[in-house]
């Protein structure tokens with residue numbers, strides 16, 4: 001498969017998985033919300049959320065083992081910096097009541113104006129952050 005087709009195939013699989021989750025479980029594939037449900041000690045009936053996250057982890061592990069060429073890029077940040085960035089993103093998903101998968105994939109597919117605004121905000125601040133870290137610093 002041509003390298004340019006990998007993102008297309010990945011996007012199609014994400015769309016398919018999100019559609020299946022919506023059709024058969026009536027749930028939006030918002031990863032931050034699914035993870036928050038697992039971590040919430042008061043939440044009941046976590047099995048679907050746990051299996052969803054396990055599927056993400058096992059799918060990623062499968063791809064890394066059998067298709068390692070997909071992971072042939074390098075990271076130019078330390079693990080500490082990545083962990084801090086992850087925490088900040090987690091805070092932002094709570095502040096924005098959703099993440100890129102919930103708003104960007106599912107919300108935009110449902111023509112939600114709120115999701116459009118959230119996604120434009122995510123993308124804009126992502127661009128601004130990369131610019132500040134790569135160009136200004």
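Data table
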| read-out | value |
| --- | --- |
| Residue within segment 123-133 that is surrounded by 12 or more Cβ atoms within 10 Å (Cβ to Cβ) and modelled with pLDDT under 85 present | yes |
| Residue match in segment 103-117 (condition: touching a residue at least 40 places away in the same chain (Cβ under 8 Å) and more than 14 Å from the chain's Cα centre (by Cα)) | yes |
| Residues of segment 1-38 satisfying the condition of being surrounded by fewer than 11 Cβ atoms within 10 Å (Cβ to Cβ) and farther than 24 Å from residue 111 by Cα | 1, 2, 3, 4, 5 |
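The values are calculated or read from the model by the stated rules, or taken from the named source; none is laboratory data. Fair warning: this is a prediction, and the values are worked out from it, not measured in the lab. All Cβ positions, even for glycine, are placed from backbone atoms using ideal geometry, and neighbour counts span all protein chains on display.
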